[in-house]
Amino acid sequence: MSDDRHSVFRDAQSDRSTARQIPDTPQSRSPSYRLAFADEEFLFRDELRPVRLQLELLKPQLLLEERQIKSTIVLFGGARIPEPAQKHTARTETLAELSQFYEEARAFARLMTERSLATNNREFVVATGGGPGVMEAGNRGAAEAGGISIGLSIVLPHEQAPNQYVTPDLSFNFHYFAVRKMHFLMRARAICIFPGGFGTLDEMFESLTLIQTGRMERVPFLLFGRAFWEKVINWEALADAGTISQQDLDLFRFVDSAAEAAQLIDEWEPAPPRNQIPGRD
C-alpha cells in the first residue's frame with residue numbers, strides 16, 4: 001500500500017487508534033459511539049450489504065493494481081481430481097483417470113508463467129479458485145516456474161484453507177460468489193476449463209454466456225479433455241434444438257494438452273465483443 005497520502009485532514013487509522021485510548025465510560029462503551037468503519041457489528045447488518053459488496057470488489061482490485069497485474073490466465077476445474085501419484089485415493093475410476101489433467105494443468109501453468117516472468121509478472125498471471133485438485137495444480141505449476149499466481153477462494157461451510165502454492169499476498173477470500181466471479185473475468189486473457197463438477201460447470205457457462213451475448217470480449221476459451229466434455233454435455237443437441245446457434249460452438253476450442261493450449265493462446269488474434277447474437281434476429 002502506498003504511503004503517499006496528500007491530505008490536510010487527519011487519517012482514519014490515527015483516529016481509530018486514538019478512539020481506543022479514551023477513558024472507559026458508559027458513553028464510550030456504547031456501540032453507538034464506535035467509529036462506523038471500525039464497527040464490525042454495524043458492518044454485518046443486512047442493510048450494509050451494498051457496502052460489503054463494494055469492499056469485496058475493491059480490496060482485491062487495489063491489491064492487484066499495486067502489484068501492476070494487468071492480465072490473467074484463468075484455470076477452472078474440479079477440486080476432486082487428484083495428482084497422478086495419489087490417483088489410487090480417487091473415489092471413482094473416472095476420477096483416477098482424470099488425474100492426467102492435474103498434470104496438464106500443472107504443465108500449462110508453468111508454460112503461462114514463463115510468459116508472465118518475461119513481463120515482470122504483469123501479464124499471463126495464473127489465477128485459480130485457490131483450492132485443491134486442478135486449482136492446486138495451476139498454482140503449483142506457477143510456483144515451480146518461479147512466478148506468482150492468484151488464488152480466489154470462497155468461504156464454504158466446511159473448513160478449507162488455500163492450497164500451499166498460491167502466492168501468499170495474492171490469496172484472496174470471498175463471501176460473495178458474484179464478486180469472486182467478476183475478479184476471475186475482469187483481467188482474463190484466456191479462460192481454461194478442466195474437467196470438474198457443479199462449480200466448474202457454473203463458471204464455464206456463466207463465462208460463455210458473457211461472451212455469447214457480447215458482454216465480454218472474445219478471449220481464448222479452452223476446454224481441456226474433449227472426451228470428457230463431449231460425454232457430459234451434448235453440444236450439438238443444443239445447436240440442433242435451436243437453443244444456441246451453430247456459431248456459438250465456435251466460441252470455444254477443445255484441447256487435450258498444455259502445449260496445444262499454449263499454442264492456441266500464442267496464435268490468438270484479439271476479437272471484439274459480439275454486436276449481435278446469432279439466431280436471435
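What follows draws every value from the coordinates through simple rules; no lab data is involved. Worth saying up front: this structure is predicted, and the values here are computed from it rather than measured. Neighbour counts run over all protein chains shown; Cβ positions are idealised from the backbone, glycine included.
Among 227-237, 178-188, how do they line up from the highest to the lowest mean number of other beta-carbon atoms within 10 Å? Present the calculation step by step, with values, prior to reporting the outcome.
Values: 227-237: 13.1, 178-188: 18.1.
Packing proxy ranking, top to bottom: 178-188, 227-237.
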What net charge do the residues around ARG140 carry, taking every other residue with its C-beta under 13 Å from that of ARG140, with Lys and Arg at +1 and Asp and Glu at -1? -3
Evaluate the charge dipole of the chain about its Cα centre and quote only its size in Debye, nearest 20, assuming +1 on the Cβ of each Lys and Arg and -1 on the Cβ of each Asp and Glu. 620
Whole-Å distance linking the alpha carbon centroid of the range 252-281 with that of the range 134-183 is 25
The summed charge of the GLU65 Cβ neighbourhood (under 12 Å; Lys/Arg +1, Asp/Glu -1) stands at +4
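Determine the sum of side-chain charges near ALA105: Lys and Arg each +1, Asp and Glu each -1, restricted to other residues whose C-beta is under 13 angstrom from that of ALA105.
On the way: positive: ARG106, ARG110, ARG140; negative: GLU83, GLU103, GLU104, GLU136, GLU144, ASP256.
Result for the neighbourhood of ALA105: -3.
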Shape of the range 1-64, Cα gyration tensor, a/c cut at 1.5: oblate
For the range 32-189, size of Cβ-based charge dipole, Lys and Arg +1, Asp and Glu -1, in debye: 360
Tilt of helix 198-212 relative to the longest C-alpha principal axis of the chain, in degrees (0 to 90, nearest 10)? 80
Name the residue, out of GLY146, GLY78, GLY130, whose mean-square fluctuation peaks in a Gaussian network model built on the chain with Cα pairs under 10 Å. GLY146
Separation of the LEU43 and ASN234 label points, Cα + 7 Å toward Cβ, nm: 5.0
Candidate values (1) 0.92; (2) 0.97; (3) 1.06, label of the one derived for Rg/Rh (Cα atoms, Kirkwood Rh): (3)
Going toward the positive end of the dipole of the chain, with +1 on Lys and Arg Cβ and -1 on Asp and Glu Cβ, which of GLY147, GLN212, SER17 do you reach last? SER17
Assuming R0 = 45 Å, can you tell me the calculated FRET efficiency for the pair GLU103 and GLN276, based on Cβ-Cβ distance, to the nearest 0.05? 0.65
Explain nothing, just the number: relative contact order of the chain, from Cα pairs under 8 Å at least 6 residues apart, as a whole percent. 17
Near the amide H of PHE254, under 5 Å away, which other amide H atoms are found, from residues 5 or more places off or on another chain, if H is placed in the peptide plane? LEU223
Set of the range 223-256 residues, backbone N closer than 11 Å to the point 7 Å along the Cα-Cβ line of TRP268: 223, 252-253
Let me spell out the model: positive unit charges on the Cβ of Lys and Arg, negative unit charges on the Cβ of Asp and Glu, origin at the Cα centre of the range 1-122. What dipole size does that give, in debye rounded to 20? 80
Restricting to Cα pairs under 8 Å and 6 or more apart, the percent relative contact order of the range 24-124 works out to 21
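Given a Förster radius of 22 Å and the C-beta distance between LEU156 and ALA178 as r, what FRET efficiency does 1/(1 + (r/R0)^6) yield to the nearest 0.05? Spell out each step's value before the answer.
Numbers: r = 16 Å, r/R0 = 0.72.
It comes to 0.90.
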Among PRO157, SER171, GLY129, whose Cα sits farthest toward the positive end of the charge dipole of the range 70-267 (+1 at Cβ of Lys/Arg, -1 at Cβ of Asp/Glu, about the Cα centre)? SER171
